[in-house]
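What follows is calculated from the coordinates using simple rules that are stated; it is not laboratory data. Computed from a predicted structure; not experimentally measured. Backbone-built Cβ (ideal geometry, glycine too); neighbour counts: all protein chains shown.
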Amino acid sequence: MRLLSATFENWGPYYGTQSINFDCERTAPIVLVYGENMRGKTSLLRGLRFALFGSVEGQDGKMLDPAVMANYDARDESDSFEFGVTLMLEHQSEEIEISRRFAASVDNGRVVLGSIRNKMRIVGKNPIPEQDIQEMVSRIIHPDIAEFFLFDGEMLERFEKRLRSDETSAKYLRERIEMVLGVPALRYLKTDIEALIEDTSAAVRKESSQEKTSRDRIKSLEAVEDAQRGLAKDRDQVTQELEETRKVLKSLETQMQEVEAIKEIFFDRKSKEEQIAELDRDRLGIEAEMRAFLQTNWWIPVADRLSLEATKAEEAMVSAGLALDRQQRLAYEAEQIRDQIGKPICEVCGQSVPEEEFGKLKERLSAIEDERKDETIIDISLLQTRFKSLSRFINISPVIEQFDSFDEEIRRKIFRASSLKSEVESLTQSIEGNTVDVSALEKNLQNARGLEDQFERALTGLEEKQAEAVSKRSVLIRSISDLAPSGGMAKAKLQVLEQVEDAVGNAIDRFRDSMRLRVEDEASAIFKRLTSEKDYAGLRIDGSYYLKIYDEQKRPIDMRSAGADQIVTMSLIGALARSAVEEGPIVMDTPFGRLDRTHRSNILKWVAAMNSQVILFVQSGEFERERDVHLLDNRVGREYVLRREGATKTRIEAMSHD
Amino acid sequence: MTDIDDTQVSSGSTIGLTQQGRDALDVLEAKKWFANGVAAFRVAVTYAIANGVEPTTSGSFGTVWSVASIDREGDFKPVVELLAGSSLTWDAIQRLGDAGLKAMARESSAATLVKDVILNVNTETS
């Protein structure tokens, strides 16, 4: 069987009609659906189960009122609406459509379910009559084994919990294996034969009741049968009490799961609040630095002008210096010329100075005096003082950059804290109104588990006593039959029935053993592939259904890690799925949540190597596309993202997949 | 700059603010952008110069700080004089600061951080 598509109409958070196409090439049969917590991954899984079996199951396997799956927005929009799921699948080369839809009305905001319309048709053929739909679906995938194909992380955890305890694991494992492999059906045959033996032995008793010895044995037999009846009655009572306890336990476990989910949200919120507090602390630190900065850099508003003024002051000082220098040089030259003109004999060579030379000196002196006529008095010290007070503004870039950096840093912190605050708000809304008394719940859970163990042990004890009584009774019946006159019809019939009973019993045992070995082989092969522990060589399910990991020397390993427990569970489920039918899709909702990276990567590689269709509903905490998708070895045929459009609305969006 | 009401001048050794100036200072102090009132006042003076804010010309100025506390390092008044006139008195600086504080407080209502105010050129007068 292969899923082709699913269409959800006003189902859970999926408002209107939204579809997922699962039909992929055989070479890339994996479909990935990404969705964060509370986006509706579990609603998708519930939708698939609903389309197949017509019921809505909670994560504990308990039936839920289908009204819980009605979309809130559809409910609020109109007084009546429809919701449901349509599934297209392929089975034995035929396309089959299964559709289940509820007509619903709204009464004071509450969804009231109307009739359900179940439709099933093989494409190109007449619709299947409604009363035959369940039978047809069961032939494709039986509801009893569906949990091994359509499973979620929570189911894995429950399965694992049962396997972890030696007292319950053997019985649980045996039940699961027998259920998947159809042993219960064979047992009905044995029960029928036992009923025939019962009738026939009554006739034999009648035939042999003439003998005194026979009469004594018949009395003993009757006593054993009385005891058997008593044991059966006790067993029924204990079974009933066990079932009641299990119901209570399931309900408590569901509440506990809800508490766990709340706890997770609470811790998530706490961690976000701590991040906000840290951001606020950092921000306050930077703000304090900014305040200290503005105490000394109070001129920031006029920084540009000061920088310009500083440059101008520097230029003025430099040009004034040059002008002053020239003034001083000209004054000196004029003084030298005046001195020379008053002396007709050269002081250096002692010769007389020609008249024309005096003329040139007088001309030069006149030019200098002309230039000095417009000279102003330059007060360089004033310019120097001005420059001195502005010099620190010549290069203000580092200061401005520091100011900008404080500003940007504070803004970043504010922005991040604000996004985190919105997330905290949304988390707070999601856990509003929950007032569970966790310690009382844990105590009740503990008590219920204790009771379950107690009843299971009592049941095992009663079963052992029943087996003893059956054997005693069998011996007595045989001995009575031996005493019966030969040639009697009843005696002959009883002998044949006893032989048939033995043969059927042996056949069931052999079948169970061979199937157990098959599951063991499959599980062991998967386990070896998935485990990251080098010392683990495989799994073994012994004759008493004790599940053990063994090493290379075939020695059982008693101490194993929590990671190994999860991998054992995953391996068993994989093996049971493989042993149950020839081909079926495997749909996993949040399967890797609690696994470490190595195991996650091993499982993804195993998934990629499977020939089956695999549909994974994952969240970012367990699967990061960039990091993990390569582990699926190009086997991903389609990808979808569950986008949040509101607290009660999610949109299924296909990712482009070239 | 407009004419100054001579009856409200600074004593020359103290700096005061009008009631509106004090209110504006309260607004800015609540924002925690400045280490203290002096720091806010000094930025307000340069803010007023940068944005052409007209000095406060009326109202009664009550003493808030001493001049010494405003210009402890002695670099404040010279720089302000360089920008706003060499003969600027402490009284004129007080009026500029008062007006600057009021303008900054007004701008702060729409601002997230101090940069939004002090580097946001505003030609509006007080």
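What does the charge count near A:Ala74 come to, summing +1 for each Lys or Arg and -1 for each Asp or Glu among other residues with Cβ under 9 Å from its Cβ?
Around A:Ala74, the charge tally is -4.
Once Lys and Arg get +1 and Asp and Glu get -1 on their Cβ, which of A:Phe455, A:Ser422, A:Ala507 lies farthest toward the positive end of the dipole of the stretch A:382-518?
A:Ser422
Looking at chain A, which longest stretch skips every one of the GluC sites (Glu not before Pro) that is in a DSSP loop with at most 10 other Cβ atoms within 10 Å, leaving the sites themselves out?
Result, exposed sites excluded: A:26-346.
So if R0 is 60 Å, what FRET efficiency would A:Ala232 and A:Ala525 give, r being the distance between their Cβ atoms, rounded to the nearest 0.05?
Working from the Cβ atoms, E equals 0.90.
Could you give the radius of gyration (one decimal) and Dmax (whole number) of the Cα atoms in the stretch A:300-427, in Å?
Looking at the stretch A:300-427, its Cα Rg and Dmax stand at 31.5, 111 Å.
Quick one: net charge of A:Met317's neighbours, Cβ under 14 Å, K/R +1, D/E -1?
So the environment of A:Met317 carries a net charge of -2.
What's the average, rounded to a whole number, of partner chain beta-carbon atoms within 10 Å of each residue's beta-carbon in B:103-113?
1
Distance in nm between label sites at A:Ile394 and A:Ser532, each 7 Å beyond Cα in the beta-carbon direction?
6.2
Could you check the simple spin-label distance between B:Thr57 and A:Asp282, using points 7 Å along Cα→Cβ, in nm with one decimal?
Using points 7 Å along Cα→Cβ, the separation is 5.0 nm.
With a cut-off of 8 Å between alpha carbons and a minimum separation of six or more residues, what is the relative contact order of chain A in percent?
Here the relative contact order equals 26 percent.
Taking Cα atoms of the stretch B:11-118, Rg/Rh with Kirkwood Rh, to two decimals?
0.93
Compute the distance in nm between two label points, each set 7 Å from the Cα along the Cα-to-Cβ direction, one at A:Glu90 and one at A:Leu517.
3.6
Work through the residues other than A:Leu497 whose Cβ is under 13 Å from its Cβ and net out their charges, Lys, Arg +1 and Asp, Glu -1.
Local charge sum for A:Leu497: -3.
Less than 14 Å from a label point 7 Å out along the Cα-to-Cβ axis of A:Glu653: which backbone N atoms in the stretch A:1-40 qualify, by residue?
Under 14 Å, as judged by backbone N against the label point of A:Glu653, lie A:34-36 of the stretch A:1-40.
Listing A:His599, A:His91, A:His630 from the residue with the fewest other Cβ atoms within 10 Å to the one with the most, what is the order?
A:His630, A:His91, A:His599
Hey, which of these cross-link pairs are over 27 Å Cα-Cα: A:Lys190/A:Lys548; A:Lys443/A:Lys649; A:Lys212/A:Lys491; A:Lys270/A:Lys605; A:Lys250/A:Lys472?
A:Lys190/A:Lys548; A:Lys443/A:Lys649; A:Lys270/A:Lys605; A:Lys250/A:Lys472
Just need the relative contact order of the stretch A:300-427 here, percent rounded to a whole number, with Cα pairs under 8 Å and 6+ apart.
Relative contact order comes out at 44 percent.
Based on other C-beta atoms within 10 Å, arrange A:Ile193, A:Ile96 from fewest to most.
Placing the least packed residue first, the sequence is A:Ile193, A:Ile96.
Quote the FRET efficiency, to the nearest 0.05, computed for A:Arg457 versus A:Asn611 with a Förster distance R0 of 30 Å and r equal to the Cβ-Cβ distance.
That pair, A:Arg457 with A:Asn611, gives E of 0.10.
Note the full-extension length gain between A:Lys119 and A:Ile431 as 0.36 nm times their separation in residues minus their Cα-Cα distance, in nm to one decimal.
108.5 nm
Rank A:Val399, A:Val68, A:Cys346 by how far each Cα sits towards the positive end of the charge dipole of the protein assembly as shown (+1 on Lys, Arg Cβ; -1 on Asp, Glu Cβ) and give me just the farthest.
A:Val68
Have a look at B:Gln19, A:Val618, A:Pro485 and report the one farthest towards the positive end of the charge dipole of the protein assembly as shown, computed about the Cα centre with Cβ charges (Lys/Arg +1, Asp/Glu -1).
Checking the options against the dipole of the protein assembly as shown, the answer is A:Pro485.
Report, ordered by chain and residue number, the aspartates and glutamates lying within cross-link reach of A:Lys534, taken as a straight Cα distance under 14 Å and ignoring same-chain residues fewer than 8 apart.
Within reach: A:Asp551, A:Glu552.
Cα to Cα, under 21 Å, and not fewer than 8 places away if on the same chain: which lysines meet these conditions relative to A:Lys373?
Straight-distance partners of A:Lys373: A:Lys360, A:Lys362.
Full-extension gain between A:Ile557 and A:Glu369, please, as 0.36 nm times their residue separation minus the C-alpha to C-alpha distance.
In short, 56.2 nm is gained.
Once every DSSP H run of n ≥ 4 in the protein assembly as shown is given -39500 (n - 2.57) and the sum is divided by its residues, what mean residue ellipticity at 222 nm do you get, rounded to the nearest 500 deg cm²/dmol?
Taken over the protein assembly as shown, the calculation gives -20000 deg cm²/dmol.
How far, in nm, would the chain grow between A:Ser439 and A:Thr213 when pulled straight, counting 0.36 nm per residue and subtracting the alpha carbon separation?
Full-extension gain reported as 74.9 nm.
Give a quick list of GluC sites (Glu not before Pro) in the stretch B:32-126 that DSSP marks as loop, anything other than H, G, I, E or B, with at most 10 other Cβ atoms within 10 Å.
Loop-located and lightly packed - B:Glu73.
Could you work out the relative contact order of the stretch B:11-118, using alpha carbon pairs under 8 angstrom and six or more residues apart, expressed as a whole percent?
45 percent.
Quote the charge dipole size of chain A about the Cα centre in Debye, to the nearest 20; the model charges only the Cβ of Lys and Arg (+1) and of Asp and Glu (-1).
The dipole magnitude comes to about 2300 debye.
Regarding the protein assembly as shown, what is the average projected area of its C-alpha convex hull, in nm²?
66.3
Among rounded, prolate and oblate, which fits the stretch A:604-658 when a ≥ b ≥ c are the square roots of the eigenvalues of its C-alpha gyration tensor, a/c under 1.5 means rounded, and a/b larger than b/c means prolate?
Because a/c hits 1.5 or more and a/b exceeds b/c, the stretch A:604-658 counts as prolate.
Using 20 Å as the Cα-Cα cut-off, could you pick out the over-long pairs in B:Lys31/B:Lys115; A:Lys413/B:Lys32; A:Lys388/B:Lys77?
None, as every Cα separation is 20 Å or less.
Please arrange B:Val27, A:Val33, A:Val123 by how many other C-beta atoms lie within 10 Å of their C-beta, fewest to most.
The order, fewest Cβ neighbours first, is A:Val123, B:Val27, A:Val33.
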